[in-house]
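Have a look at the structure below before the remarks.
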Amino acid sequence: MGEMGLRARKKQRMYQDVSDIAVRLFLERGFDAVSVAEVAAAAGISKPTLFRYFPAKEDLVLHRIADHEAEAARVVAGAGDPVDALRRHFLAGLERRDPVTGLNDNPEVLAFHTLLYGTPALVARAYAHLERSETALAGALGGGLDARLAAGQIVAVQRILAQENWRRVAAGERIEEVEPDAVRAAERAFRRLAEGLPDLKGRMRLG
């Protein structure tokens with residue numbers, strides 16, 4: 001067990017190190033201007049080895065948000081009121097300035113989001129991330145068409161709220177100015193979700 005644990009940690013460290021190197025190069029020179037071969041060389045590994053870890057060039061960037069794919073599913077697991085659980089989770093993220101909420105003015109975070117949202121290939125690849133998030137959430141909500149429809153609405157709300165926060169912060173607005181509006185917008189959005197998805201409350205099996 002100890003050896004397997006060490007092996008898993010070394011593998012995760014490799015993922016993180018290669019992703020960090022790639023993102024640094026992309027931020028310095030632009031996503032399209034840096035080849036996979038250059039990333040592999042900078043990381044001290046072969047190109048085939050890099051592709052074993054990252055099947056596509058875009059995955060080098062998306063790795064940073066990969067652990068959020070199942071986040072919504074984890075939040076609602078066992079919750080009597082899934083929408084309220086997600087509302088509280090999102091508001092807590094705003095309070096701690098979680099980058100995934102868009103309410104973060106760290107220069108490195110802003111640069112990463114600018115890279116992500118400003119690169120068509122990354123935007124397209126990010127939709128696969130959203131689809132996997134929807135699938136995981138729908139499964140946690142019990143599966144079936146109704147669960148998939150609910151998951152699609154929830155993930156869309158979270159995405160739009162986060163992008164609006166990032167847009168304002170990236171435009172130069174101070175966090176202190178954006179936060180009250182971000183909280184109100186989140187409360188309003190999740191209230192409307194709750195009103196539109198009443199069958200979610202108190203049950204985890206839809207359809």
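Taking region 166-180, which residues are in a helix (DSSP H, G or I) and out of contact with any Lys or Arg (no Cβ under 6 Å at 6 or more places or on another chain)? Break it down stepwise before answering.
First, the residues of region 166-180 that are in a helix (DSSP H, G or I): 166-170, 175-180.
Matches in region 166-180: 166, 167, 168, 169, 170, 175, 176, 177, 179, 180.
Give me the residue from region 17-36 that is free of Cβ contacts under 8 Å to residues at least 12 places away in the same chain and closer than 23 Å to residue 113 by Cβ and, out of that set, nearest to the chain's Cα centre (by Cα). So, considering only residues that are free of Cβ contacts under 8 Å to residues at least 12 places away in the same chain and closer than 23 Å to residue 113 by Cβ, the one nearest to the chain's Cα centre (by Cα) is 20. Screening residue 6 with (1) open to solvent by 30 Å² or more (accessible area, probe 1.4 Å); (2) among the aliphatic types (A, V, I, L, M); (3) in contact with a helix residue (DSSP H, G or I) (Cβ under 7 Å, 6 or more places away or on another chain) gives one miss only, at (3).
If I filter region 15-25 for residues that are open to solvent by 70 Å² or more (accessible area, probe 1.4 Å) and modelled with pLDDT of 95 or more, do I get at least one hit? Talk me through it step by step, then tell me what you get.
Looking only at region 15-25, we keep the residues that are open to solvent by 70 Å² or more (accessible area, probe 1.4 Å), and these are 24.
Checking the rest, the ones that are also modelled with pLDDT of 95 or more come to 24.
Within region 15-25 (the criterion being open to solvent by 70 Å² or more (accessible area, probe 1.4 Å) and modelled with pLDDT of 95 or more), the answer is yes, since at least one residue qualifies.
Restricting the first residue to region 49-70 and requiring it to be touching a residue at least 40 places away in the same chain (Cβ under 8 Å), which pairs with a second residue that is of a type in the set (S, T, N, Q) and surrounded by 19 or more Cβ atoms within 10 Å (Cβ to Cβ) meet a Cβ separation below 6 Å and a spacing of at least six or different chains? Sorted first by the residue in region 49-70, then by its partner, the pairs are 60/19; 63/19; 69/133. Evaluate region 76-90: report whether one residue or more is assigned to a helix (DSSP H, G or I), modelled with pLDDT under 95, open to solvent by less than 50 Å² (accessible area, probe 1.4 Å) and more than 18 Å from residue 157 (Cα to Cα). For region 76-90, residues assigned to a helix (DSSP H, G or I), modelled with pLDDT under 95, open to solvent by less than 50 Å² (accessible area, probe 1.4 Å) and more than 18 Å from residue 157 (Cα to Cα): absent. Of all residues in region 145-155, those satisfying the criterion of being surrounded by 14 or more Cβ atoms within 10 Å (Cβ to Cβ) and either under 15 Å from residue 101 (Cβ atoms) or aliphatic (A, V, I, L, M) (or both) are 147, 149, 150, 151, 154, 155.
Every test in (1) closer than 17 Å to residue 133 by Cα; (2) over 17 Å from the mean Cα position of the chain (by Cα); (3) of a type outside the set (D, E, K, R) is passed by residue 70 save one, and that test is (2). For residue 39, the stated conditions do not hold, so it cannot be described as at negative phi, among the hydrophobic types (A, V, I, L, M, F, W, C), crowded, with 19+ Cβ neighbours inside 10 Å and in contact (Cβ under 8 Å) with a residue 60 or more places away in the chain.
Selection within region 114-165: residues that are in contact (Cβ under 8 Å) with a residue 24 or more places away in the chain and in a loop (DSSP other than H, G, I, E, B). The member of this set that is farthest from the chain's Cα centre (by Cα) is 144.
Residue by residue through region 1-58, note down the ones that are assigned to a helix (DSSP H, G or I), of a type in the set (Asp, Glu) and in contact with a Lys or Arg (Cβ under 7 Å, 6 or more places away or on another chain). Before you say what the answer is, go through the steps one by one.
Let us first name the residues in region 1-58 that are assigned to a helix (DSSP H, G or I), namely 2-29, 36-43, 47-53.
With the extra rule that they be of a type in the set (Asp, Glu), the set shrinks to 3, 17, 20, 28, 38.
Scanning region 1-58 gives no hits.
The values are calculated or read from the model by the stated rules, or taken from the named source; none is laboratory data. Just so it is clear, the model here is predicted, and its values are computed rather than measured. Please note: Cβ atoms are built from the backbone with ideal geometry, for glycine as well, and neighbour counts cover all protein chains shown. Surface accessibility is based on the protein's heavy atoms, side chains included, excluding ligands, DNA and RNA. Shrake-Rupley method; radii C 1.70, N 1.55, O 1.52, S 1.80 Å.
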